[in-house]
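The values are calculated or read from the model by the stated rules, or taken from the named source; none is laboratory data. All figures in this text were calculated on a predicted structure; none of them were measured in a lab. As a convention, Cβ positions derive from the backbone with ideal geometry for all residues, glycine included, and neighbour counts pool all protein chains shown. Keep in mind that these areas ignore ligands, DNA and RNA; they rest on the heavy atoms of the full protein, side chains included. Shrake-Rupley method; radii C 1.70, N 1.55, O 1.52, S 1.80 Å.
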Amino acid sequence: MSYAVKDLSLSLEGKRKIDWAEAHMPVLHSLKLKYEKTKPLEDIRVGGCLHVTKETGVLIRALKAAGAVISWSGCNPLSTQDDVSASLAVDEKISIYAKRGVSKEEYYDHIHSVIRNDPNISIDDGADLTVEMHNRIDQLSNLYGGTEETTTGVLRIRAMEKSGKLLFPIIAVNDAETKHDFDNVYGTGQSALDGIIRATNILISGKNVVVAGYGHVGKGIAKRASGLGGNIIVTEVDPISALKAKLDGYSVTTMNEAVKLGDVFITTTGCKDVITLNHIKNMRNGAILANAGHFNVEISVDNLDKTCSKKEPINQHTMGYELDNGNKVYVIGEGRLVNLAAAEGHPSEVMDMSFANQFLSVLRLLKEGKSMNNVVYDISRSQDQDIALAKLNSMGILIDVLSNEQRIYLGGFGEGT
Ligand code: ADE
């Protein structure tokens, strides 16, 4: 075991946080209780590259209980919770390479440390580990396959598949309904606003909140910001998504127009150059900018850094910039994922389902990985439904069951008017 953590003395705080999360993740916890007896992952090396949060700590504990030998790195320079990282090193004896505030070089060093542990199965969030495993495929001796947690990562890996460059099977955990319809919507909806509010303590009510992108993440953020009294303006490139935003009751316009109106800007597109320096120059004095997409490419923070007349931090999370025209703008978390840079990421209850999908996908790779093709696989409908049902059960909710007659009716075509 080796590790790279900021401060081992934070381990008790980290352990308490993971315990708290575990108590709020009943589906994943029940998988841990089920598989710690049979240990199906005995001696299987699992390499992860996923935000080191208290929820990820619960996933790591569950994989370890099932027998896995784990090495792990963070998947974003600003998302690691250092106390959790310390607890994973001290209490769980995991090879963990994760510190908050790492340079790009250290970030990749940590991923390469995971690869040096020769994982049999990978768990990725954003595809940086998957890409690096491809660059170092000769260092890997016995690979079953990997999983991918997020939309951006799945898009990258599908591009690898399309160009014939994918060298091992990947299960797209993100594409499970019990992942993206919950984590991306309710998780980011709440945690992105949590980050903005922790970083600024602004009143959302009465503000013009510009949400760039109306996919699952944009929808979740728009809904929560609207619930707090914000006046939502959506920008989109996809006509169907734009129409949905309009019919959901929001204003829709171009970014060129939105910059003149917005008090708060939140990017959620997964694309680069969504808010350019030119956009920023046309914003109102005091505009606040945050990103909720996976990479820090949506807001042109680099250009702002280079061209501003003055730069001064407001607090730990928020940087104030003065522009040549005298206006000020404020960027939260360096334009990185605001929910993890300035808050604690998605709540445990929603990560419960995402990580139950991860856990079951690792078991599937162990069983089927060697006979799978080098393509992207969806999780099965039955896994999605089992997880939803387990979540409902954990909330004490019962649902109806189709009668035999209803089943026959739904499967037939004979009964009409
Ligand atoms: N992504 C967003 N929120 C997260 C969390 N709490 N843990 C791990 N990954 C996340």
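Some observations on this one:
- Applying the set (1) open to solvent by 50 Å² or more (accessible area, probe 1.4 Å); (2) more than 16 Å from the ligand (Cβ to nearest atom); (3) farther than 30 Å from L167 by Cα to A388 leaves exactly one unmet item: (1).
- Where S73 falls short, out of the listed (1) free of Cβ contacts under 8 Å to residues at least 60 places away in the same chain; (2) more than 26 Å from G293 (Cβ to Cβ): (2)
- First in region 26-48 and closer than 20 Å to T147 by Cβ, second anywhere and assigned to a strand (DSSP E or B), Cβ under 6 Å, 6 or more apart: R45/V69; V46/I70; V46/I121; G47/S71; G47/S122; G48/W72; G48/I123
- Test: residue in region 78-91 that is part of a loop (DSSP other than H, G, I, E, B), open to solvent by 10 Å² or more (accessible area, probe 1.4 Å) and more than 16 Å from the ligand (Cβ to nearest atom): yes
- Selection of region 319-346 for residues being buried (at least 22 other Cβ atoms within 10 Å of the Cβ), assigned to a strand (DSSP E or B) and touching a residue at least 60 places away in the same chain (Cβ under 8 Å) yields I332, L337.
- Any hit, region 113-122, residues being assigned to a strand (DSSP E or B) and more than 15 Å from the ligand (Cβ to nearest atom): yes
- Of all residues in region 233-242, one or more are of a type in the set (S, T, N, Q) and buried (at least 19 other Cβ atoms within 10 Å of the Cβ).
- Only listed residue being of a type outside the set (A, V, I, L, M) and either within 21 Å of H24 (Cβ to Cβ) or touching a helix residue (DSSP H, G or I) at 6+ places or on another chain (Cβ under 9 Å) (or both), chosen from Q316, Q406: Q316
- Within region 1-22, the set of residues being without any contact (Cβ under 8 Å) to a residue 40 or more places away in the chain and open to solvent by 80 Å² or more (accessible area, probe 1.4 Å) comprises R16 only.
- Tallying residues that are surrounded by fewer than 22 Cβ atoms within 10 Å (Cβ to Cβ), farther than 29 Å from G153 by Cα and not acidic (D, E) within region 260-279 yields 2.
- Complete set of residues in region 140-158 that are away from the ligand (no atom under 16 Å from the Cβ) and within 18 Å of G369 (Cβ to Cβ): L140, S141, N142, L143, Y144, G145, G146, I157
- Inspection of region 24-45 finds a residue satisfying the criterion of being within 16 Å of the ligand (Cβ to nearest atom), in a loop (DSSP other than H, G, I, E, B), of a type outside the set (A, V, I, L, M) and open to solvent by 10 Å² or more (accessible area, probe 1.4 Å).
- Among the residues of region 50-64, the one identified as under 18 Å from W20 (Cβ atoms), open to solvent by 10 Å² or more (accessible area, probe 1.4 Å) and either modelled with pLDDT under 95 or more than 9 Å from the ligand (Cβ to nearest atom) (or both) is R61.
- Residues in region 97-131 that are open to solvent by 10 Å² or more (accessible area, probe 1.4 Å), under 19 Å from the mean Cα position of the chain (by Cα) and over 24 Å from D83 (Cα atoms): V131 alone.
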